[in-house]
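Working notes, structure below.
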Amino acid sequence: MLSDYLLRLKARASGTDTPTMKLLRMALVALLATGSAACVDQIKDLFDGGSPTSPTDPGAIRSYLPTHFNDAWIGLLSTPVQTDSMVRGAIAALSYAAVFGTLAFWRFLRKDVVS
């Protein structure tokens with residue numbers, strides 16, 4: 001902990017970013033992404049557990065959360081195979097991929113990656 005703090009102070013003072021600091025920053029971003037996904041999953045579970053008359057029931061928003069269709073594959077194990085929720089989950093996943101892929105591509109175009 002102390003060595004990371006000293007490296008951060010040194011990097012700030014010298015105006016350069018050391019490879020250790022880059023690695024630390026990437027690790028923090030990975031932890032934040034994992035924590036965010038866990039929070040979204042917990043919120044989804046809260047919404048799915050609510051009754052239709054519950055104040056926590058989000059109505060139509062529930063099916064657009066990223067982890068709503070996590071259990072859709074169970075329909076493949078039923079006697080009449082049910083694939084409707086898998087199709088809706090695939091459409092939702094492709095929509096999320098398209099939106100966030102477009103945002104990432106737009107962000108990448110704005111960055112100077114050569115220098």
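The values are calculated or read from the model by the stated rules, or taken from the named source; none is laboratory data. This one's a predicted model, so the numbers in the text were calculated from it and none came from an experiment. Cβ sites come from the backbone with ideal geometry, for glycine too, and all protein chains shown count toward neighbours.
Right, Gly101: loosely packed, with under 13 Cβ neighbours inside 10 Å and modelled with pLDDT of 85 or more or not? It would help to see each step written out before you state the result.
Details: loosely packed, with under 13 Cβ neighbours inside 10 Å: yes; modelled with pLDDT of 85 or more: yes.
Spelling it out, Gly101 is indeed loosely packed, with under 13 Cβ neighbours inside 10 Å and modelled with pLDDT of 85 or more.
Please verify whether segment 67-88 includes one or more residues that are touching a helix residue (DSSP H, G or I) at 6+ places or on another chain (Cβ under 7 Å), aromatic (Phe, Trp, Tyr) and at pLDDT 70 or above.
So far as segment 67-88 goes, yes, one or more of its residues are touching a helix residue (DSSP H, G or I) at 6+ places or on another chain (Cβ under 7 Å), aromatic (Phe, Trp, Tyr) and at pLDDT 70 or above.
Taking segment 43-59 as the search range and keeping residues that are modelled with pLDDT of 65 or more and closer than 22 Å to Ile91 by Cα, which one is surrounded by the fewest Cβ atoms within 10 Å (Cβ to Cβ)?
If we filter segment 43-59 for residues that are modelled with pLDDT of 65 or more, which is where we start, we get 43-47.
Subset that is closer than 22 Å to Ile91 by Cα: 43-45, 47.
Numbers: Ile43: 14, Lys44: 17, Asp45: 11, Phe47: 18.
This residue is Asp45.
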